[in-house]
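Everything on this sheet refers to the single structure shown next.
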Amino acid sequence: MRFTAVTLFPELVQAACGFGIMGRALARGLWALDVVNPRDFAHDAHRTVDDRPYGGGPGMVMMAPPLAAAIAAAREGQRRAGCASVRVVHLTPAGVPLTHVRVAAMAAGLDAGYVLLAGRYEGVDERLVAREIDEEIAIGDFVVSGGELPALMLMDAVVRLLPGATNEPASVEQESFADGLLDTPHFTRPEVWQGEAVPEVLLSGNHAAIARWRRMQALGRTKARRPDLFAAVELSAEDRRLLAEYGQCETAQAPRGARDGGDAQRRGDADDKAGTTSATPTSLPRTSERKEQA
């Protein structure tokens, strides 16, 4: 697996890839990283890679000639490195949203190469996109200053699925989206923190009961928070029973937003009785209460 980032800030990408799972997997030789700077392919003294947009408007647009040369160099480098296939990916808000399914498909190609174009400014000349780009990917429905961070997120998502990248392979098999659902809540020591105890089932040692509780939480969370994901889930009869049970629970394992809303409502009721209003919808003590506690 080899990634080549085409970026105006190669040091940013190289530095970020040296940490955590990506850094360890890189050191183990599970994947390789190259960087190509389009400025190295500009032909003027100022190493210009952008210009004003035709038709007017704010900002600048990245020019096609230096980008095309940079992508060609990146492709050639990957071929020389032995990549069986090379795809050029443009990170852009106009792309197809990245999903776990797409990430897993990319990770399955262990001998594949990916050239990641990290754009800047207002965007990239569309003629370059039409001629050189195989795939456009969006990380989410928001805009950041450049494609470097989205490219790093894509690389991290793919690398952590490579065999040997994580010390515990089961950890990537049981997390959010792996089975179409959000992940279950997690707890660790201390057993009681600020009056909230770890759910008793997780302390029981009953692995079947724990698995059942976790499935219930994943189903309930996904239905409440990501109905778009939940719509694609094929529910078994047991899943339906778990969802019904989840809806009846009034415990600390209910979704955080629902608990906060309930706290806010109770405070509002108490304030109404006292002839005041509450302006802080949070479960933390208000400023005056914190002072009294101190």
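The values are calculated or read from the model by the stated rules, or taken from the named source; none is laboratory data. All values reported here derive from a predicted model rather than from experimental measurement. When we count neighbours, we look across all protein chains shown, and the Cβ atoms used for this are built from the backbone with ideal geometry, even at glycine. Calculation scope for accessible area: heavy atoms of the full protein, side chains included, ligands and nucleic acids excluded. Shrake-Rupley method; radii C 1.70, N 1.55, O 1.52, S 1.80 Å.
Computed quantities for the displayed model
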item	result
Qualifying residue in the range 189-210 (condition: closer than 30 Å to Asp50 by Cβ and among the small types (Gly, Ala, Ser))	no
Condition met for Ala258 (among the hydrophobic types (A, V, I, L, M, F, W, C), open to solvent by 60 Å² or more (accessible area, probe 1.4 Å), within 26 Å of Gly180 (Cβ to Cβ) and modelled with pLDDT under 95)	yes
Top-ranked residue in the range 71-122 [being among the small types (Gly, Ala, Ser) and under 30 Å from Pro53 (Cβ atoms); ranked as most open to solvent (accessible area, probe 1.4 Å)]	Ala94
So Pro66, is it surrounded by 11 or more Cβ atoms within 10 Å (Cβ to Cβ), in contact (Cβ under 8 Å) with a residue 12 or more places away in the chain and over 21 Å from Asp111 (Cα atoms)	yes
Set Arg189, Arg131: member being surrounded by fewer than 16 Cβ atoms within 10 Å (Cβ to Cβ), of a type in the set (D, E, K, R) and assigned to a loop (DSSP other than H, G, I, E, B)	Arg189
Subset of the range 93-114 (residues that are part of a strand (DSSP E or B) and more than 25 Å from Phe142 (Cβ to Cβ))	Ala112, Gly113
Selected residue [out of contact with any helix residue (DSSP H, G or I) (no Cβ under 7 Å at 6 or more places or on another chain), under 23 Å from Ala165 (Cβ atoms) and open to solvent by 30 Å² or more (accessible area, probe 1.4 Å)] from Arg28, Arg52	Arg28
Selection from the range 77-92 of residues that are aliphatic (A, V, I, L, M), in a strand (DSSP E or B) and over 24 Å from Asp141 (Cβ atoms)	Val86
Close pairs (8 angstrom Cβ cut-off, 6 or more residues apart or separate chains): within 10 Å of Val35 (Cβ to Cβ) in the range 1-25, hydroxyl-bearing (Ser, Thr, Tyr) and crowded, with 16+ Cβ neighbours inside 10 Å anywhere	Phe3/Tyr114; Thr4/Tyr114; Val13/Thr7
Count of the range 34-50 residues which are part of a strand (DSSP E or B) and touching a residue at least 40 places away in the same chain (Cβ under 8 Å)	3
Residues (surrounded by 13 or more Cβ atoms within 10 Å (Cβ to Cβ) and at pLDDT 75 or above) located in the range 160-178	Arg160, Leu161, Leu162, Ala165, Thr166, Val172, Phe177, Ala178
Residue among Glu136, Glu122, Glu126, Glu132 that is touching a Ser or Thr at 6+ places or on another chain (Cβ under 8 Å) and farther than 19 Å from Ala32 by Cβ	Glu136
Of all residues making up the range 137-159, the number that are without any contact (Cβ under 8 Å) to a residue 24 or more places away in the chain and loosely packed, with under 14 Cβ neighbours inside 10 Å	1
Residues located in the range 115-127, provided they are over 25 Å from Ala81 (Cα atoms) and either touching a residue at least 40 places away in the same chain (Cβ under 8 Å) or part of a strand (DSSP E or B) (or both)	Arg120, Tyr121, Glu122, Gly123, Val124, Asp125, Arg127
